[in-house]
Amino acid sequence: MERRKLKDICLTCISLIALVVLWVIVSNSKPDFFPTPQATWERFLKMAETPISKTTIIGHILISLKRVLTALVLAVASGIGIGLIMGWSKKMNAVLGPILTALRPIPPIAWIPLVILWFGVGEFSKVLLVFIGAFFPVVLNTATGVSMVDPMYLNVGRVYNANTFQMLCHVVMPAALPAIMAGVKIALSSGWMVVVAAEMIASKSGLGFLITRGNESYDVALVLCGMILIGLVGAILSAVFTLMERWLCPWMEKKNG
Amino acid sequence: MGEEVKVRVENLTKCFGDLRVLDKVSFQIKKGEFVCIVGPTGCGKTTFLRLLTKLTEPTSGEIYIDGEPADPQKHNISFVFQEPSAFPWLTAEENIEYGLKVKKRPAREIKAQSDKIIGLLGLEKFRKAYPHEMSVSMEQRVVIGRAFAMNPDLLLMDEPYGQMDIKMRYFLEDEVIKLWKATGSTVLFITHNLEEAVYLAEKILILSNKPARVKDEVVVELPRPRDIADEKFVEIRKKITEEIKWW
């Protein structure tokens, strides 16, 4: 068991080293278009010392995170609520289902012109765009999860004479929680992608803005730094979420493992 | 009769369209009695149980508990399904407490009752275990504990051991007798295993083929623990087998 783990770690290290080696080889042939790892690292250190657009690098990360998390909290709260109603009541599903099905395929980025036209380029617009990206996976996964709760569990609730509130809170919600969590996970990654896109188009702060700034000033190393940070923060968010999921759904641990 | 009647079923009839599944079924169960229902496969046993839980409404007839029409709001009716139905998101202890929490009993009473049931089932070490960490038979034991914890007016069990192997069945049958004696519940147990019926019941109701009626009532007065090889035991079992075969 231990040996297998060690082997896996070795393989991971080899693949990461291979990626950096590839980066070195490619970047050395055209350093102007593709900065070397060393140049990127130096740009990163410089960025850490001197603020860009009056904001430190940590500041940019926090601003992006704040936008995503604000929108995510709103999307999760409203998405679970509406999804629960849709999954529980066939009538409500008939009312809301077609609208959501029609709106869902529209990429959140396609909303950018309308959102800017209606609400300007302020914070609200960015949070709204992320909300659009995060809301649909939550609401649809919740509705599906609720409508697919094993009827046996509902019968148990009925036999013990649970009222509607007790049914929803103590039977339907926990039974649907795995599906809901999967929806929130998709929402998180989708929201993170949308925030970068929104910041690239109209912003003076955030990780997406770093990329645009790099692009405008032919600072390719800055573009790369922005991209790497987006990847890193996204990965950390996803890892934190997995920990949270384990904490919220301890009964799923074995199934997941 | 002298002893208090807990459940009285009068002329219970259920039709699905033209199909008559139950035909004027009548019987009585005394308080604290353990009754088994046997009958040919597909004779409407499950429909019968659903009527008693009030999950389905009868076409005609009445069910009385303590002399009043059965009402899930007022009476405590528990049900053990054929498949293990423990909630996967609750631990063994929380599953056992579920019904009591729905009824909003005082916390101290819930704790005392779940401790008692866990003690009777010998599940102390598995209090905090989730169903996925248990075997199927242990999960079913938790479900049965959940049903007994309610101190139900009527406990309905629909072939709860249908999926267990013989050895496990003997063990679980003894356990259900132990719970029944400790809680004084009134139990209605459906099975297609006649040996199980004779082993468990004080009274056996034999249902006929569809449309089902109560064909016969057999009182089993053997001392416990019962011996399945005992002459009288075998005699009763054979008698019931004949009655079902007669069809």
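For residue A:126, a cut-off of 16 angstrom between C-alpha atoms picks up these aspartates and glutamates, skipping any fewer than 8 places away in its own chain: A:199. Counting, for every residue in B:71-83, the Cβ atoms of other protein chains within 10 Å of its Cβ and taking the mean gives 2. DSSP beta bridges fully contained in segment B:148-247 are about 55 percent antiparallel.
Taking only DSSP H segments of four or more residues, each worth -39500 (n - 2.57), what value at 222 nm results for chain A once the sum is divided by all its residues, to the nearest 500 deg cm²/dmol?
Mean residue ellipticity at 222 nm (helix-derived): -27000 deg cm²/dmol.
Highest mean packing comes first when the peptides B:132-141, A:25-34, A:87-96, A:186-195 are listed by Cβ atoms within 10 Å, giving A:186-195, B:132-141, A:87-96, A:25-34.
Give the dimensionless ratio obtained when the Cα radius of gyration of chain B is divided by 2.2 N^0.38 Å. Mind showing how you got there, number by number?
Values: Rg = 17.9 Å, N = 247, 2.2 N^0.38 = 17.9 Å.
Rg over 2.2 N^0.38 Å, computed on Cα atoms: 1.00.
Taking amide H positions as modeled 1.01 Å from N, with prolines and chain starts lacking one, the residues under 5 Å from residue B:33 and 5 or more places away or on another chain are B:187. Relative contact order for chain A: 22 percent, from Cα pairs under 8 Å spaced at least 6 residues apart, divided by residue count. From most to least packed by mean Cβ count within 10 Å, the peptides B:184-191, A:111-118 give B:184-191, A:111-118. With the simple model of a label 7 Å out from the Cα in the direction of the Cβ, residue A:9 to residue B:192 spans 5.6 nm. Can you tell me the FRET efficiency between residue B:73 and residue B:125 if r is taken as the Cβ-Cβ distance and R0 is 25 Å, rounded to the nearest 0.05? Here the calculated transfer efficiency is 0.10. When the convex hull of its Cα atoms is viewed from all sides, chain A shows a mean projected area of 18.2 nm². Once the Cβ-Cβ distance of residue B:101 and residue A:117 is raised to the sixth power relative to R0 = 51 Å, the FRET efficiency obtained is 0.45. For residue B:31 and residue B:55, a Förster radius of 22 Å and the Cβ-Cβ distance give a FRET efficiency of 0.40, rounded to the nearest 0.05.
Both numbers refer to the Cα atoms of segment A:170-233; Rg and Dmax are 16.8, 57 Å. When every Cα-Cα distance of segment B:1-129 is counted in 5 angstrom steps from zero, the calculated P(r) takes the values 2, 8, 15, 17, 17, 15, 13, 9, 4, 1, 0 percent.
Rounded to the nearest 10 degrees, what's the angle between the helix B:92-102 long axis and the longest principal axis of chain B, both from Cα atoms, 0 to 90? For helix B:92-102, the angle is close to 70 degrees.
Here segment A:97-162 is treated as a sphere whose radius is the Kirkwood value from Cα pairs; by Stokes-Einstein at 10 °C and 1.306 mPa s it diffuses with a coefficient of 110 µm²/s. Neighbouring Cβ atoms from other chains, within 10 Å of the Cβ of residues in A:145-158, number 3 on average. Between residue A:165 and residue A:148, the modelled label-to-label distance comes to 3.0 nm, taking each label 7 Å out from Cα in the direction of the beta carbon. Using a cut-off of 31 Å between Cα atoms, the listed pairs A:7/A:46; B:103/B:239; B:210/B:239; B:6/B:232 include A:7/A:46; B:103/B:239 as exceeding that distance. Electrostatic tally near residue B:204: other residues with Cβ closer than 9 Å to its Cβ, Lys and Arg +1, Asp and Glu -1, net -2. Can you tell which of B:32, B:122, B:99 shows the greatest fluctuation in a Gaussian network model of chain B with Cα springs below 10 Å? Of the options given, B:122 has the highest mean-square fluctuation.
Note that segment A:32-46 has calculated 3J(HN,Hα) couplings of 6, 8, 9, x, 5, x, 5, 4, 5, 4, 5, 5, 5, 4, 5 Hz, one per residue in order, obtained from phi through the Karplus relation 6.51 cos²θ - 1.76 cosθ + 1.60 (θ = phi - 60°); glycine and proline are x. Between residue A:38 and residue A:182, the distance separating the two model label sites (each 7 Å from Cα on the Cα→Cβ line) works out to 4.8 nm. Distance between Cα centroids, segment A:110-142 to segment A:173-217: provide it in whole Å. Answer, in whole Å: 11. When the pairs A:185/B:104; B:54/B:203; B:14/B:203; B:14/B:215; B:178/B:238 are compared against a 28 Å limit on Cα-Cα distance, A:185/B:104 fall above it.
Give the value in nm², to one decimal: projected area of the alpha carbon convex hull of the protein assembly as shown, averaged over all directions. Provide the component values of the computation, followed by the final result.
Details: hull surface 133.7 nm².
So the Cα hull casts an average projection of 33.4 nm².
Take the convex hull of the alpha carbons in segment B:81-151; its mean projected area over all directions comes to 4.3 nm².
What is the local net charge at residue A:32, summed over the other residues whose Cβ is closer than 15 Å to its Cβ (Lys, Arg +1; Asp, Glu -1)? Residues close to residue A:32 contribute a combined charge of +1. Of all aspartates and glutamates in the structure, the ones whose alpha carbon falls short of 20 Å from that of residue B:125, not counting any fewer than 8 places away in one chain, are A:253, B:93, B:94, B:97, B:115, B:133, B:139, B:175.
Each value in this text was obtained by applying a stated rule to the coordinates, not by laboratory testing. Just so it is clear, the structure is predicted and the values come from calculations on it, not from any experiment. For neighbour counting, all protein chains shown are included, and Cβ atoms are generated from backbone atoms with ideal geometry for every residue, glycine included.
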